[in-house]
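Chemist: Below is one structure. I have some questions about it.
Bear in mind that the values in this text are calculations on the coordinates, not laboratory data. All values reported here derive from a predicted model rather than from experimental measurement. So basically every Cβ, Gly included, is an ideal-geometry build from the backbone, and we count neighbours across all protein chains shown.
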Amino acid sequence: MSVLATLAVAAEEGGHVLVELPIPALMYGVIVFGIFLVLAAVTFSFRDVANRHAEKAEAYAREHGASQSSH
């Protein structure tokens, strides 16, 4: 069957089946926003991690002859 014939048959059948969402549309946004907040909290929990290990980084730099830089 060609695409045109398929479209003609589909048009003759009339209406199409409407599939309803299992939850209200607004709840999808609320769920996604909640996931975003959880991911933001995880990201925020890693703040200042590099500074916690500054002594180790400086010791490594001294041992391996790297110049100290303040990034």
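Chemist: In Å, what Rg and Dmax follow from the Cα atoms of region 21-71?
Modeler: 20.8, 62
Chemist: Charges only on Cβ, +1 for Lys and Arg, -1 for Asp and Glu: so what's the dipole of region 21-71 about the Cα centre, in debye to the nearest 20?
Modeler: Using Cβ point charges on Lys, Arg, Asp and Glu, region 21-71 gives about 80 debye.
Chemist: Say each of Ala57 and Leu18 gets a label point 7 Å from the Cα, pointing the same way as Cα to Cβ; how far apart are those two points in nm?
Modeler: 5.8 nm
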